[in-house]
Amino acid sequence: MKFIGGTILITTGFLIGYFFYEKYTTKINFFTQYIEFITFIKNSIMCYSSPLKTILLGYKSKNPLKKYIEDCVLFLNESSFSRAWVKSFEKNQNSVNLSPEEKNLIISFGRQLGTSDSLSQAKYCEQQIEMIKPYLTKAVREKSEKGKLPIVLGAGIGIAVTILMV
């Protein structure tokens, strides 16, 4: 019976640690998808001169960015693009662990997009990509430096509690 209890504790500790580890992966995926999304916007503006709502509807995103884009499209039915963008990011701000600087950078992008000619918007997209790349690099570095720590701590605490039970 103690063996089963110990196994459950160790497994639970490991899974809790893995949950925290996934936050690092989610952030990296978000930034990677965000850069792909901005590149898609830039190309759509330059090649097709598409309106922003058409661009959003044409982009097939994956989680975690998918929720942001879907909500932005919904909010576009009742407000301007910049307001829809801000509402979407405010609604979903807890789905990815972004710093205030990262949030402000992404929100400011939505406020500026669609306010000038297509060439200026394409340049603004390129600037946004260059400004977000350091945050992606930082997220990758944090994952490599700190990513396995929650798993090890979770499993270690599970083992410690199991030993104390015996």
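Test I10 against the criterion of being farther than 21 Å from S82 by Cβ, of a type in the set (A, V, I, L, M) and modelled with pLDDT under 80, and give yes or no.
yes
Which helices (runs of 4 or more DSSP H) sit wholly inside the range 34-117 and have at least 1 residues that are touching a Lys or Arg at 6+ places or on another chain (Cβ under 7 Å)? Reasoning before the result, please.
Numbers: elements: 52-58, 65-76, 81-91, 100-112.
The helices (runs of 4 or more DSSP H) meeting that bar are 65-76, 81-91.
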Original post:
Which residues, counting only those in the range 35-63, are touching a residue at least 24 places away in the same chain (Cβ under 8 Å), buried (at least 18 other Cβ atoms within 10 Å of the Cβ) and either farther than 17 Å from S108 by Cβ or touching a strand residue (DSSP E or B) at 6+ places or on another chain (Cβ under 8 Å) (or both)?
Top reply: I45
**OP:** Report yes if some residue within the range 125-146 is closer than 21 Å to T26 by Cβ, of a type in the set (S, T, N, Q), at pLDDT 95 or above and within 21 Å of the chain's Cα centre (by Cα); otherwise report no.
**Re:** yes
Subject >> Selected residue [in a helix (DSSP H, G or I) and either hydrophobic (A, V, I, L, M, F, W, C) or open to solvent by less than 30 Å² (accessible area, probe 1.4 Å) (or both)] from Q127, Q121 >> reply: Q121
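The values are calculated or read from the model by the stated rules, or taken from the named source; none is laboratory data. Keep in mind that this is a model prediction, so the values were computed, not measured. Every residue, glycine as well, gets a Cβ built from its backbone with ideal geometry; the counts of neighbours run over all protein chains shown. Note: areas computed on protein heavy atoms with side chains; ligands, DNA, RNA excluded. Shrake-Rupley method; radii C 1.70, N 1.55, O 1.52, S 1.80 Å.
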